[in-house]
Each structure stands twice: as C-alpha cells, then as structure tokens.
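The values are calculated or read from the model by the stated rules, or taken from the named source; none is laboratory data. This one's a predicted model, so the numbers in the text were calculated from it and none came from an experiment. Neighbour counts run over all protein chains shown; Cβ positions are idealised from the backbone, glycine included.
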Amino acid sequence: MEAKIRLRDMQIVRTAKVFRVLGTIGYSRRLIEGIERTRSGAAIFGCMLGYRRSFRTLDEAERAVRPYAKGGHEHPVNSALQFELNQFELNRVAKPSDYAAFYYLRDRIPCIKKIFDMGGNVGNLYYRYRDYLPLRPDAIWTVYDLPDNILRGRALASEKNVDNLQFTDDLQQAEGLDLLIVSGALHYFDKPLPEFIENIKQRPKYILINRSPLTEGPEFAVVQDYAGMIRVACKVYNRSKLVADFKRLGYEVLGEWQAAELGLTVVDRPSSSVGAYTGLWLEQL
C-alpha cells in the first residue's frame, strides 16, 4: 500500500509540474481553463492531479491530501524547523510585508496592551516585531497554535527569559483584546475570521491580517506543498466578502498592501492563481 501511495504521489507531483509550466503559456493556459470548465474535463484533471487540483472547500482538500500530507501542520518537521529558525534568529529579519504593518502599528503600539496572535507558531512574529516596535512594559502577547508548537514556544520563551509571551490552545482567551493578529494563517482556518470575531463579547480594537491569499472570484481551496516535506490544505477567501463581513461588525479597512514575496499557483485554474498575498489593517470605528 505504501509503495502504491509513493508511486501515485510521484505521478501527481510530476503532472502538477507540467501543468504549472503550461499555465504560463497563453494558448495552453486557455486550453487548460476551457477543459477544466467542462464536467468531463474536470473529472480527468481530478484524476491526473489528485490533491494538486483546486477544491470547493477546505474539507475536500484536506481529505484529498490526507494520504500524502505527511502530518501537515502537525508534522514534527514543521514545528522543529520553526524552532530551529528562531534558535538561530533567522526569523527576526522583517519581511517586506511586515513594514506596512509597522506603519500602522507605530503610532498605536503605546496604547496596545493585550495582543492575540492566531496561528503564531512558536512566537515567530513576537521575536521579529519586538526588534522594530517597542512594546509597552505591561503588554501581553498571547500565541494561539497547536499543542506541539505551544510546547516548543514555551521552551524557547523560557530559554530567552521572555515573560510577556504566552501560549494557548483556547480561543476563548481572545476576549478584551487591543490587537488581533492573523499573519500567514488566515487561509488555514475553515471558519471565516469575521464569524470568529462575531462571537467575541469584547471585540478587538485593531485587527492585523498579513500574508494571506485572497481572490476577487469564487472562494476555493488548494493544497500547498513545502518542498515535498509538508503538505497542507488552505482556503482562498473572497476579498470583497471578507471586507463586507468586517464592515458589518463595525470594522473599517484603513490600510491594504501586497505581500509580493508570496504567491499561490492554481495548476488547474491558472487565472485563479494569486500573484501576491494581501495584508489588511482594520479598526473598529
């Protein structure tokens, strides 16, 4: 069984590479999209591409990649890699899209005491941001993530004698926030962020979303492949709907930028590929 899975995986990876190249050529790109729009064509592509095709929902993508996922976010290689990166402080260098976030945080950071970082891994963003933005002495930065990342994050914080960085796997702790951060994680949650915020009694004043793939077309899901080691399903949300849902909750988008260092290729629907991820700064008005 394992041998069959490995062979099927190799076939999927190689086919996806061919589709990726063809998707950059005008005629073949249009041909791929035309075939994919037909029922029989979509079925053929689904057979050829397996988990590398696009899906309607995150659940469909997760089920398709499960035999090949190698643990996904919970893979020990994933958390161990992030831990080592922080150990060597490689993640403390700000990425281009971080500077847009710094612009909006710069004048507001003195008033921000309670921060909740959804999907913050082992505290990557905390260690990066503190070198550029001075947190107030009584500020508490709480990271929400998977149990294994929490254990590693606590160990790293202890090693670095950090006392204002906390970790939790309980979303109920996201009450009474000054700032909610979702950086590089929005697309891994099946429940839209506005739905989560709607259930918070004391909603955050500020929301920072960064490095998230958004679309102006229909929402869909795909599987991301990190060098063949870690494969995870992600959902591409519709930008206009996301902004409208936030507005309904009393939030206004005061800033938007591109995270040009990141993109997402959709091999069976090239026109749906995301050339650059998006960042948003929202405030409760």
Fill in: Residue tally, condition under 18 Å from the mean Cα position of the chain (by Cα) and assigned to a loop (DSSP other than H, G, I, E, B), over region 197-217
2
Worksheet, complete the sentence: So, first residue of a type outside the set (A, V, I, L, M) in region 149-161, second residue modelled with pLDDT under 95, Cβ within less than 6 Å, six or more apart or across chains; the pairs are N149/S79; N149/N121; N149/V122; R152/S79; R152/F83; R152/V122; G153/V122; G153/G123
Worksheet entry | Residue satisfying all of: in region 218-232; at pLDDT below 95 and in a strand (DSSP E or B); surrounded by the fewest Cβ atoms within 10 Å (Cβ to Cβ) among these | Y226
Item to complete: Only residues that are β-branched (V, I, T) and either within 19 Å of A94 (Cβ to Cβ) or under 17 Å from the mean Cα position of the chain (by Cα) (or both): list them for region 117-168, please.
Response: V122, V143, V162
Worksheet item: In region 243-285, how many residues are farther than 19 Å from Y104 by Cβ and in a strand (DSSP E or B)?
Response: 2
Practice prompt. Say whether the condition of being surrounded by 17 or more Cβ atoms within 10 Å (Cβ to Cβ) and closer than 26 Å to T38 by Cβ is met by at least one residue in region 238-258.
Written response: yes
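The rows are residues; the columns are (1) over 21 Å from C234 (Cα atoms); (2) modelled with pLDDT of 90 or more; (3) outside the structural domain of D170 (by TED's automatic domain parsing); (4) in a helix (DSSP H, G or I).
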residue: N78; (1), (2), (3), (4): no, no, no, yes
residue: F83; (1), (2), (3), (4): yes, no, no, yes
residue: N86; (1), (2), (3), (4): yes, no, no, yes
residue: N91; (1), (2), (3), (4): yes, no, no, yes
residue: S97; (1), (2), (3), (4): no, yes, no, yes
residue: F102; (1), (2), (3), (4): yes, yes, no, yes
residue: L105; (1), (2), (3), (4): yes, yes, no, yes
residue: F116; (1), (2), (3), (4): yes, yes, no, no
residue: N121; (1), (2), (3), (4): no, no, no, no
